[in-house]
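Before any comments, here is the structure.
The values are calculated or read from the model by the stated rules, or taken from the named source; none is laboratory data. Fair warning: this is a prediction, and the values are worked out from it, not measured in the lab. Glycine gets a Cβ as well: all are built from the backbone with ideal geometry, and neighbour counts include every protein chain shown.
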Amino acid sequence: MSSTPQPVASNFIRNIIDADLASGKHASIVTRFPPEPNGYLHIGHAKSICLNFGLALDYKGRCNLRFDDTNPEKESEEYARSIQEDVQWLGFQWHGQVRWASDYFEQLYEYAIDLIRQGKAYVEDLSAEQMREYRGTLTQAGRNSPYRERPVEENLDLFTRMRNGEFADGSKVLRAKIDMASPNINLRDPAIYRIRRAHHIRTGDKWCIYPMYDYTHCISDALEGITHSICTLEFEDHRPLYDWVLDNLTAPCHPQQIEFSRLELHYTITSKRKLLQLVNEKHVSGWDDPRMPTISGMRRRGYTPEGIREFARRIGVSKSDNSVDMAVMEGAIREDLEARVPRVMAVVNPLRVTITNFDGAQAREADFHPNHPEFGKRVVPLGKELFIEADDFAELPPAGWKRLTPGGEVRLRHSYVMRCDEAVKDATGKVVELRCSIDHDTLGKNPEGRKVKGVIHFLSCAHALPAEMRLYDRLFTVPEPDAGRDVDFCTHLNPTSFTLVQGWVESCVKDAAPETRYQFERLGYFCADRREHQAGGKLVFNRTVTLKDSWAKEHN
């Protein structure tokens, strides 16, 4: 469990809650997070989790986790388990037991009976296509169904027989009787029950009729005593139906639905259907692929719960457009990791260096973090043969070059000043080795009579450990990959979003557990893969984020 979440920043929802508490409308608040277990949670859900659970923490109230399990064909235990794990990993804990809409199926059925008895619901025999035709359009009122005035007793009989399985799937629905001429299409006699013979992950084959989301959700909120039912703006037009259902039933309370803008994060997508498509078409390795915007993907990549919560705090809560650049997310993660993780050296594109005057050279201790002595120290080994980054050497250096060149000097990080005396090439002219010498009088101090500006990292070949490095970048090449209706979003997939390299790391990380995070100096932040990394065995590191935001510079 990560550290305690920070209080939720001020926003219009907090203002509503403050007023409700001040007026005595509520003595305390109860919120809920109500996902459907039909996929893995993504960054948009993380924003909602931080809001609902954060408000409950801040106001010393309660937040329920309730699964909306009313669509049995698309739901699974795997998804339900992953959602619970994600919520807890983000640093939150729901009140009491996990709740399910299916806990209330019997009560929901009885409430439907009550609506029928009041003459406010009826069994419909029109086909789905006919219902669409009768519903009208945004500019044209709907028409009453020929079955709308069925007698109450006939509706009660038909609804009972629907539950008993006497009718075929899709042949009948139960509709609320509201107003077919309403300018809000959601109020044009919406379906509240449909016949569907599908095995349910919790109730098995007990039911062959299932309640619709709009009907289920408001009643579930009321049964749980929710005070503020917070959802995204696409449900704003559904609020009159939410209120109608509760106004026409003897529900224990009437929660207030409040809508806020959903998160649109650039260079990714947050549609469960499209994320599933990425998985099914194997554009990614799974729901927890580190390029995915899922919470499990971000966790595997090395994002921290604290960094994600800070991101949610920074983007805020409002009703206005919440389109956010990926750099904001990466900045929050980068800042959190900067103070949180130890620093070690690694090489991803090795060039071999032979030190010709190695005799008498000494290793040196170094801090794991310059600002956190409590992280401890380790010995940085030095050997006759080293690995440096190939990018740190240039035969013909550009202007302002501060790294290694023929005849030039650099400081080896935590070690000596080193001069390149010779570049050894293969038959194709490629530099394959450098022969260098060290200034033995520069361990822990500057050379006399000259300045050495460049510092490069290195590894002793004899001590370095091989490690699989997975270099991840943004999944898409454009900010809004699913903006064009006529273009498949997959055409915008970034072909270089994943690069696999065989690198080397300091031996001090040998026993690092999965999910251990490091800054690999000058390369970026990395995390031991939670699936495939083996402490003391195969080392697998995922690049979480680079040290600086270079995307805009490289792609403009």
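General observations
- Search result, residues across the range 25-41 that are aliphatic (A, V, I, L, M) and surrounded by fewer than 23 Cβ atoms within 10 Å (Cβ to Cβ): 27, 29, 30
- Qualifying residue in the range 76-95 (condition: more than 23 Å from the chain's Cα centre (by Cα) and more than 25 Å from residue 265 (Cα to Cα)): no
- Meets criteria (of a type outside the set (Asp, Glu), assigned to a helix (DSSP H, G or I) and at negative phi) for residue 122: no
- Residue 246 vs. criteria closer than 27 Å to residue 67 by Cβ, touching a Gly at 6+ places or on another chain (Cβ under 7 Å) and at pLDDT 95 or above: no
- Condition check for residue 289: free of Cβ contacts under 8 Å to residues at least 40 places away in the same chain, in contact with a Gly (Cβ under 8 Å, 6 or more places away or on another chain), of a type outside the set (A, V, I, L, M, F, W, C) and not assigned by TED's automatic domain parsing to the domain that holds residue 543: yes
- Being under 27 Å from the mean Cα position of the chain (by Cα) and either outside the structural domain of residue 176 (by TED's automatic domain parsing) or free of Cβ contacts under 8 Å to residues at least 60 places away in the same chain (or both) is true of residue 230.
- Test for residue 318: is it surrounded by fewer than 18 Cβ atoms within 10 Å (Cβ to Cβ), in contact with a helix residue (DSSP H, G or I) (Cβ under 9 Å, 6 or more places away or on another chain) and either at pLDDT below 95 or under 23 Å from residue 52 (Cα atoms) (or both): yes
- Counting only residues that are part of a loop (DSSP other than H, G, I, E, B), farther than 21 Å from residue 244 by Cβ and among the polar types (S, T, N, Q), the range 125-177 holds 6 of them.
- Qualifying positions in the range 119-150 - loosely packed, with under 13 Cβ neighbours inside 10 Å and among the aliphatic types (A, V, I, L, M): 128, 138
So that you can scan it fast, the table gives a plain yes or no per residue for (1) within 26 Å of residue 217 (Cα to Cα); (2) under 11 Å from the mean Cα position of the chain (by Cα):
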| site | (1), (2) |
| --- | --- |
| 258 | yes, no |
| 265 | no, yes |
| 268 | no, yes |
| 284 | no, no |
| 288 | no, yes |
| 294 | yes, yes |
